[in-house]
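Readers should treat all values here as calculations from the given coordinates under stated rules, not as data from a laboratory. Everything quoted here is computed from the prediction, not taken from an experiment. Note that each Cβ is placed from the backbone with ideal geometry, even for glycine, and that neighbours are counted across all protein chains shown.
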Amino acid sequence: MIDLYYWTTPNGHKITIFLEETGVPYTIKPINIGKGEQFNPDFLKISPNNRIPAIVDHEPADEGEPLSIFESGAILEYLAMKTGAYLPSNVRGRAEVMQWLFWQMGGLGPMLGQNHHFRNYSAEKITYAIERYTKETERLYGVLDDRLTDRPFVANDYSIADMACYPWIVLHERQGQDLNDFPNLKRWFEAIQKRPAVERAYALARQINPDTRGMTEEAKKILFGQGRRTKS
């Protein structure tokens, strides 16, 4: 059984997609990041970076004590290795998947996250920052669009690389992007969107967090006011 410490963010969706695709039994432990639950001492023992997602595997392969893992990319790799699913066993196939997983973790996620912040959440609308991250989002979309020119998925077969990238593309309109400008990416996006496991993962998210009114000012203080020793 997997305990998934989760909130309804792109990084959180990565893990519910994998678990729904594989049918691995799991229990969701909601961590409402808008209320500061990520600073709970018990959660920090599992995720010292005070970020979701994180997991606790109560049946690790070594049959030892429960194993906790944080960082969505590390979780995807761990679960793929444990289940033997969505990560090739051969050297070249595995390398293809892992480099695109790292590309998402090091580029697509952080840059699109900054796009979200300056376009949608920042109290001060800084033109340079908005343009900078919107353009970088466009560039990264272009990299993905080019990659998908001659293959159905990022690393040929559907994999954890696709699961990592997809939730960030779901928010394309909020990022100032039109998928019609990226036909290969659009085709890929629509194919993944129709997968039953993906539909289940997002339906579950709506059950856990049905509030679509947007981020409150209090939540912004919690999420964007973190320093070394302060939460706001």
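Remarks
- Along the chain, longest interval not containing exposed trypsin sites (Lys or Arg not before Pro), exposed being DSSP loop plus at most 15 other Cβ atoms within 10 Å: 1-124
- Segment 91-193 - percent relative contact order, Cα under 8 Å, separation 6 or more: 35
- Each Cα pair under 8 Å and six or more residues apart adds its sequence gap; the mean of these over the residue count of the chain is a relative contact order of 23 percent.
- Using a Förster distance of 45 Å, the FRET efficiency for GLU65-GLU190 (Cβ separation, nearest 0.05): 0.55
- Considered as an equivalent ellipsoid built on the Cα gyration tensor, segment 135-213 has semi-axes of 22, 17, 9 Å, the largest given first.
- Anisotropy class assigned to segment 38-115 is oblate, per the alpha carbon gyration tensor with a/c at or over the 1.5 cut-off and a/b no larger than b/c.
- Top of GLY113, GLY34, GLY23 by mean-square fluctuation, Gaussian network on the chain, Cα under 10 Å: GLY23
- Order of ILE15, ILE31 under a 10 Å beta carbon neighbour criterion, fewest first: ILE31, ILE15
- Rg of the Cα atoms in the chain, relative to 2.2 N^0.38 Å, amounts to 1.02.
- Residue exposure proxy: VAL198, VAL170, VAL91, ordered by other Cβ atoms within 10 angstrom of their Cβ from fewest to most, comes out as VAL91, VAL170, VAL198.
- Chain lengthening between VAL170 and ALA219 when straightened (0.36 nm per residue, less Cα-Cα): 15.4 nm
- Where Cα atoms sit under 30 Å apart: lysine pairs in segment 1-126 separated by 8 or more or lying on different chains: 10
- Label-to-label distance, nm, for residues given as SER122 and ASP178 (7 Å Cα→Cβ offset): 2.4
- At an R0 of 22 angstrom, the distance between the Cβ atoms of ASP42 and GLN207 translates into a FRET efficiency of 0.40.
- Rounded to the nearest Hz, the phi-derived 3J(HN,Hα) couplings of segment 177-194 under the Karplus curve 6.51 cos²θ - 1.76 cosθ + 1.60 (θ = phi - 60°) are 10, 10, 5, 5, 7, 9, x, 6, 5, 4, 4, 4, 4, 5, 5, 6, 4, 8, where x marks glycine and proline.
- Shape annotation for segment 91-193: C-alpha extents along the principal axes are 47, 26, 19 Å, from largest to smallest.
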